[in-house]
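Novice: I'd like to ask some things about the structure below.
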Amino acid sequence: MEHKILVTGASGAFGSLTCIQLAENGHKVVGTLRSLKGKNEAIANELKAKGVALVEMDVTNEESVNAGVNSAIEQMDGLDTVFNNAGIGANGILECFTVGDIQKMFDVNVFGVQRVLRAVLPFLRQQGRGTIIHTSSCIGRVTTPFLASYSASKYALESLAEGYRAELSGFGIESCIIEPGGYPTGFMSGMITPSDNERMKQYGEMASLPETSIDGYVAYVESIPEQRPERVAEALVNLVNTPFGEKPFRTVVDFSGLKQPIENYNQLLNETTKAIYTANGVANLLNLNKD
């Protein structure tokens with residue numbers, strides 16, 4: 001079955017590979033990039049050559065998001081699946097991030113998602129059918145030192161996804177989360193770092209640990225043959241191709257040892273959620289309207 005899919009953050013490894021694999025699977029795909037020029041020009045040309053339509057969209061700008069979504073719907077003559085994939089990372093000592101540093105990241109990872117959803121949902125609700133997929137992270141479930149500010153944004157995204165799942169189920173809109181582990185991609189080198197260097201000096205030797213830690217982690221995941229971004233794209237394509245109403249809410253994609261413990265945690269949370277919804281008399285909100 002052909003789907004009409006909007007993918008944000010199409011210039012990154014997960015986004016570009018997913019766009020290409022979706023197009024190769026016979027789906028109509030519109031990918032969004034902040035700009036089609038400059039550093040994105042090569043990947044933009046590659047995506048277009050693979051049959052992926054592109055629109056410029058800055059998820060931190062509401063007008064840009066609304067225009068981009070309207071353009072995507074026009075180009076595909078419809079829309080049924082939205083993959084919220086645009087994201088930015090952060091690595092550093094938490095106190096040394098200014099509020100502005102963290103706001104910059106949240107503006108993409110959290111508020112950007114809200115802008116996109118507010119743009120697409122009137123169309124999907126009127127249609128009475130749709131699929132929303134989010135790129136979260138295994139460290140959107142557990143927090144590690146120096147990556148806590150990034151984790152905080154993904155924890156927030158997970159909560160948004162939980163809320164939307166319940167509030168949209170009656171409209172026939174399903175919600176899903178992809179939770180990748182760490183992958184050796186450009187994402188790692190493009191992370192925001194703290195801008196308060198004066199505070200950094202007060203941490204002494206610890207100030208160098210975030211960079212040492214991330215370098216060591218990248219070397220570790222590079223040593224695992226399966227830990228490649230193609231696996232995340234494949235998981236997303238499999239999710240899209242899974243029949244409506246049968247998709248799992250969370251899918252962990254990891255080959256570095258995180259998969260099983262995170263899945264155990266997710267299962268426990270799922271049971272807790274069901275119990276709380278049942279106790280509050282709203283368990284029906286976990287049932288997707290498939291009519």
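The values are calculated or read from the model by the stated rules, or taken from the named source; none is laboratory data. Source: prediction; values computed, not measured. A quick note on method: Cβ atoms are made from the backbone with ideal geometry, for glycine too, and the neighbour counts reach across all protein chains shown.
Novice: List, please: which pairs have Cβ atoms under 6 Å, are six or more places apart or on different chains, and start with a residue in segment 55-81 that is free of Cβ contacts under 8 Å to residues at least 24 places away in the same chain and end with one that is of a type in the set (D, E, K, R)?
Specialist: Taking only residues 6 or more apart or on different chains, the pairs are 64/58.
Novice: Still on this structure, please answer the following. Name the pairs: first residue in segment 33-46 and farther than 15 Å from residue 58 by Cβ, second residue part of a helix (DSSP H, G or I), Cβ to Cβ under 6 Å, at least 6 apart or on different chains?
Specialist: Close Cβ pairs satisfying both conditions: 43/16.
Novice: Let me ask you something else. For residues that are of a type in the set (Asp, Glu) and either within 13 Å of residue 141 (Cα to Cα) or modelled with pLDDT under 95 (or both), scanning just segment 249-291, find the one that is farthest from the chain's Cα centre (by Cα). Explain how you work it out, then say what you get.
Specialist: Of all residues in segment 249-291, those of a type in the set (Asp, Glu) come to 254, 263, 271, 291.
Still in the list and also either within 13 Å of residue 141 (Cα to Cα) or modelled with pLDDT under 95 (or both): 263, 291.
On the way: 263: 18, 291: 28 Å.
Top of the filtered list is 291.
Novice: Take the residues in segment 151-172 that are touching a residue at least 40 places away in the same chain (Cβ under 8 Å) and of a type in the set (S, T, N, Q); name whichever of them is surrounded by the fewest Cβ atoms within 10 Å (Cβ to Cβ).
Specialist: 169
Novice: Just to be sure I understand, how many residues within segment 136-184 are out of contact with any Lys or Arg (no Cβ under 9 Å at 6 or more places or on another chain) and not in a helix (DSSP H, G or I)?
Specialist: Number satisfying all stated conditions: 7.
Novice: What are the pairs with Cβ atoms under 9 angstrom where one residue, in segment 185-201, is without any contact (Cβ under 8 Å) to a residue 60 or more places away in the chain and in a helix (DSSP H, G or I) and the other, located anywhere, is crowded, with 16+ Cβ neighbours inside 10 Å and not hydrophobic (A, V, I, L, M, F, W, C)? Sequence gap at least six, or different chains.
Specialist: That search, which allows pairs on different chains as well, returns nothing.
Novice: Within segment 1-55, take every residue that is under 14 Å from the mean Cα position of the chain (by Cα) and polar (S, T, N, Q) and give me the one that is surrounded by the fewest Cβ atoms within 10 Å (Cβ to Cβ).
Specialist: 11
Novice: Additional query: Kindly provide the set of residues from segment 12-41 that are over 20 Å from residue 228 (Cβ atoms) and aliphatic (A, V, I, L, M), ordered by number.
Specialist: 29, 30, 33, 36
Novice: If you don't mind, another one. Considering segment 264-283 alone, what residues qualify as being in a helix (DSSP H, G or I) and either in contact (Cβ under 8 Å) with a residue 40 or more places away in the chain or among the acidic types (Asp, Glu) (or both)? Quick ask: steps written out before the conclusion?
Specialist: Taking segment 264-283 as the starting set, the residues that turn out to be in a helix (DSSP H, G or I) are 264-279, 283.
Within segment 264-283, 265, 266, 271, 273, 277 qualify.
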